[in-house]
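Visitor: Sharing a structure with you now.
The values are calculated or read from the model by the stated rules, or taken from the named source; none is laboratory data. Owing to the predicted nature of the structure, the values given are computational and were not obtained by experimental measurement. Every residue, glycine among them, receives a Cβ derived from its backbone with ideal geometry; neighbour counts consider all protein chains shown.
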Amino acid sequence: MGLVIKETKEILHEILDNTGVIIIYLDINENIVFCNKKTEKITGFKHGDIIGANWLKILFRGNDNIIKQDMFKAVLDECMRHKREKDFEGVVLDSERNERIISWNLTPVMIENNQTGGSILIGHDITKIREAGNSAKSIDQTLKDILSSLKDYALYVINLNGNITYFGMGSEIMLGWNKKDIIFKHVDILHNIKDSGNNLHFILEQVRLFGKYEKETTLITKAGEAIPVILTANKFLDSAGKHSGYIFIAKDITERKKLEYQAFQAEKLSALGLLSAGMAHEINNPLLVISGRSALLMKERLSQRIKKDLDLINSQAERIQRMVDRILKFSQKTKPAFGPVGVNEAIEFILPFAQYNNLPDIKVEIKKIFEKNMRPVKGDLHQLQEVFLNLIINAYQSMPKGGVIKITTSSFRNLFALIQVKDTGQGIPGELLKDVFMPFFSTKNDGKGLGLSICHNIIENHNGSIELESQVGLGSTFTIKLPFI
Amino acid sequence: MLYKVLVVDDEAPVRDLLNDLLKREDCKVSICATGEEALELLKKDTFDVVLLDIKLPGISGLEVLKNIRDTDKNLPVIMITGFGYNEDLISKSKEFGCSGYIGKNMPVAQIITTFKQFAKSAKNG
């Protein structure tokens with residue numbers, strides 16, 4: 001029997017010493033009565049050094065740790081007072097003052113008369129688990145942060161069937177789709193399949209052949225708008241390394257496209273300017289001869305019929321002359337005489353001229369919303385007046401049945417003056433919008449198509465910008481930005 | 001006779017028209033087609049006014065003007081051009097000392113009136 005008891009004691013010791021957790025027996029004053037070998041290993045303290053010592057004072061050394069020591073003591077007291085187990089996590093210092101995160105289980109030891117005679121502490125060192133957990137959490141958070149800050153990028157993943165399985169934050173902003181509405185829809189809903197290079201089959205073929213696909217193309221938003229992007233596609237491998245779909249990254253290049261278009265437009269206009277200057281010169285000479293000779297002939301004694309014909313020749317020559325003058329005006333990239341220009345005053349000045357151009361039986365209401373005391377812009381007064389006049393006449397002409405012209409002026413961040421001329425006219429179809437500033441483009445039957453291109457030229461010479469928004473049936477809005485002086 | 005005028009224009013129909021128009025205004029007119037010819041004529045003869053086209057083959061109207069000003073500060077020289085009202089050409093012409101500037105895009109009557117105004121003020125000035 002004695003042998004059996006001895007053996008049991010030995011076995012118990014073996015268990016206690018070989019277990020992977022700290023096991024400590026404290027008396028009611030928190031002094032260590034017993035600790036196993038794992039305690040020595042984890043804390044770094046030798047068995048002989050800590051037996052009989054105050055556990056809390058050993059583990060929470062120094063003034064910095066008084067709070068931690070008090071917290072541990074509070075938990076321990078609660079456990080003893082309520083006579084029930086307690087689980088909690090805490091940081092302790094080992095012999096080399098390294099922090100160890102321990103998951104504790106505190107159990108009161110009951111002695112006679114339901115009194116507590118001490119406590120058993122079982123501690124599981126979870127330092128490594130926590131550290132790994134923390135870094136995993138932080139990578140996850142970092143990725144989330146990155147994905148949510150990619151406003152110019154859309155990131156989405158499709159499975160092998162082409163259905164969207166992930167739709168990143170940037171995708172929602174760029175493409176207007178809510179994640180929950182697009183998940184599991186086929187990716188063709190985003191890809192502009194009219195653009196042959198963008199069909200999924202072709203993209204996947206490229207990825208298969210070259211490892212990736214990259215192309216400047218367009219994506220379709222929920223509202224049906226095409227957004228210019230650089231689209232790249234790669235194979236998507238899951239955590240097990242299995243090819244489970246494709247990842248797409250689209251970079252929104254709307255701004256770049258806009259700048260490219262403006263530069264292209266400017267280049268085209270300047271080439272056209274040169275061409276028209278040369279052409280105007282070549283027309284002016286013979287035209288002078290035609291009108292000059294007919295004017296001289298008119299002074300001769302001639303029959304009424306011939307005089308009538310000469311008159312016709314003259315008036316037609318004058319008509320060509322007016323056209324050539326407009327072309328010349330357009331072609332001249334003269335340096336404007338810059339000075340301070342009060343935008344509100346400039347508009348007020350030309351309004352009567354615009355109204356004069358209007359037929360009296362058309363009822364047009366002019367609404368002026370002018371920012372008071374706006375800073376002057378840097379500009380050539382006459383040229384800017386010509387722009388405003390052109391835009392307002394344009395607005396009148398777009399409303400043959402009458403309507404409202406709203407002229408708004410305001411400051412934009414103390415950098416630019418914003419001038420808007422908005423009409424309630426027939427509007428311009430979207431596909432024609434990009435052409436309105438081109439010379440000889442007109443939606444009017446009798447239009448010369450030079451007014452807006454002259455405006456464009458002038459505003460460009462002023463380092464400003466002019467844009468048009470229009471909706472058929474609702475009207476058009478011209479927005480001009482001019483830098484303050 | 002109102003003025004003795006030298007008309008310089010490379011295009012014969014324009015040259016002849018200006019000749020006829022000015023003759024009607026009681027001017028005595030000499031004509032030539034190039035800047036080089038004009039400078040030669042100016043050496044041989046004296047004129048009250050020169051009506052000088054800007055775009056000419058060989059030396060340009062502006063260079064002719066510059067040449068004239070090297071020797072004669074007072075001779076009235078009126079520039080005329082098919083480029084019409086062109087600020088760059090106007091400022092260059094002024095810089096070189098022209099007495100006036102006429103665009104061929106003006107109505108004929110206005111061309112003559114403007115010519116007479118410039119010539120008169122140049123002579124009086």
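Visitor: Exactly one of (1) within 14 Å of chain B (Cβ to nearest Cβ); (2) of a type in the set (Ser, Thr, Tyr); (3) touching a residue at least 60 places away in the same chain (Cβ under 8 Å) is unmet by A:Ser315. Its number?
Guide: That leaves (3) as the condition not met.
Visitor: Given the condition within 14 Å of chain A (Cβ to nearest Cβ) and free of Cβ contacts under 8 Å to residues at least 60 places away in the same chain, answer yes or no: does some residue in region B:60-72 qualify?
Guide: yes
Visitor: Still on this structure, please answer the following. Name the pairs: first residue in region B:74-94 and more than 7 Å from chain A (Cβ to nearest Cβ) and closer than 24 Å to B:Phe47 by Cβ, second residue among the charged types (D, E, K, R) and crowded, with 23+ Cβ neighbours inside 10 Å, Cβ to Cβ under 6 Å, at least 6 apart or on different chains?
Guide: Once the first residue is more than 7 Å from chain A (Cβ to nearest Cβ) and closer than 24 Å to B:Phe47 by Cβ and sits in region B:74-94, its partners that are among the charged types (D, E, K, R) and crowded, with 23+ Cβ neighbours inside 10 Å give B:Ile80/B:Asp53.
Visitor: Look at A:Tyr356 and say whether it is at pLDDT below 90, surrounded by fewer than 17 Cβ atoms within 10 Å (Cβ to Cβ) and aromatic (Phe, Trp, Tyr).
Guide: On the way: at pLDDT below 90: yes; surrounded by fewer than 17 Cβ atoms within 10 Å (Cβ to Cβ): yes; aromatic (Phe, Trp, Tyr): yes.
Considered against the rule, which asks whether it is at pLDDT below 90, surrounded by fewer than 17 Cβ atoms within 10 Å (Cβ to Cβ) and aromatic (Phe, Trp, Tyr), A:Tyr356 comes out as yes.
Visitor: Could I ask something else about it? I'd like to know if region A:236-246 contains one or more residues that are within 14 Å of another protein chain (Cβ to nearest Cβ) and hydrophobic (A, V, I, L, M, F, W, C).
Guide: The answer is no, given that none of the residues of region A:236-246 is within 14 Å of another protein chain (Cβ to nearest Cβ) and hydrophobic (A, V, I, L, M, F, W, C).
Visitor: Here's a follow-up. Can you name every one of the helices (runs of 4 or more DSSP H) wholly within region A:82-190 that holds 3 or more residues which are polar (S, T, N, Q) and at pLDDT below 80?
Guide: Fully inside region A:82-190 and qualifying: A:127-149.
Visitor: What single numbered condition from (1) more than 11 Å from every other protein chain (Cβ to nearest Cβ); (2) within 30 Å of A:Glu300 (Cα to Cα); (3) surrounded by 19 or more Cβ atoms within 10 Å (Cβ to Cβ) fails to hold for B:Asp48?
Guide: (3)
Visitor: Would you pick out the residues in region B:1-40 that are within 14 Å of another protein chain (Cβ to nearest Cβ) and of a type in the set (Gly, Ala, Ser)?
Guide: B:Ala12, B:Ala33
Visitor: Taking region A:268-279, which residues are within 14 Å of another protein chain (Cβ to nearest Cβ) and in contact (Cβ under 8 Å) with a residue 60 or more places away in the chain? It would help to see each step written out before you state the result.
Guide: Step one: filter region A:268-279 for residues within 14 Å of another protein chain (Cβ to nearest Cβ), giving A:273-279.
Those that are within 14 Å of another protein chain (Cβ to nearest Cβ) and in contact (Cβ under 8 Å) with a residue 60 or more places away in the chain: A:Gly273, A:Ser276.
Visitor: While we're looking at this one, here's another question. When B:Asp26 is evaluated against the numbered criteria (1) surrounded by fewer than 15 Cβ atoms within 10 Å (Cβ to Cβ); (2) part of a helix (DSSP H, G or I); (3) among the charged types (D, E, K, R), which criterion, by number, is the only one it fails?
Guide: That leaves (2) as the condition not met.
Visitor: List every residue pair whose Cβ atoms sit under 7 Å apart, with the two residues 6 or more apart in sequence or on different chains, where the first one lies in region A:280-301 and is more than 8 Å from every other protein chain (Cβ to nearest Cβ) and the second, anywhere, is assigned to a helix (DSSP H, G or I) and modelled with pLDDT of 95 or more.
Guide: none
Visitor: Do we have A:Glu460 as at pLDDT 90 or above and either outside any helix (DSSP H, G or I) or closer than 22 Å to A:Asp325 by Cα (or both) here? First the steps, then the outcome.
Guide: Working: at pLDDT 90 or above: no; either outside any helix (DSSP H, G or I) or closer than 22 Å to A:Asp325 by Cα (or both): yes.
It is false that A:Glu460 is at pLDDT 90 or above and either outside any helix (DSSP H, G or I) or closer than 22 Å to A:Asp325 by Cα (or both).
Visitor: In addition: Which count do you get for residues in region A:219-263 that are closer than 13 Å to A:His191 by Cα and either surrounded by 17 or more Cβ atoms within 10 Å (Cβ to Cβ) or touching a residue at least 60 places away in the same chain (Cβ under 8 Å) (or both)? Let's see the steps before the verdict.
Guide: Here is the first cut: in region A:219-263, the residues closer than 13 Å to A:His191 by Cα are A:219-222, A:224-233, A:248-250.
From what is left, the residues that are either surrounded by 17 or more Cβ atoms within 10 Å (Cβ to Cβ) or touching a residue at least 60 places away in the same chain (Cβ under 8 Å) (or both) are A:219-220, A:227-229, A:231, A:233, A:248-250.
Residues that pass the stated criteria total 10.
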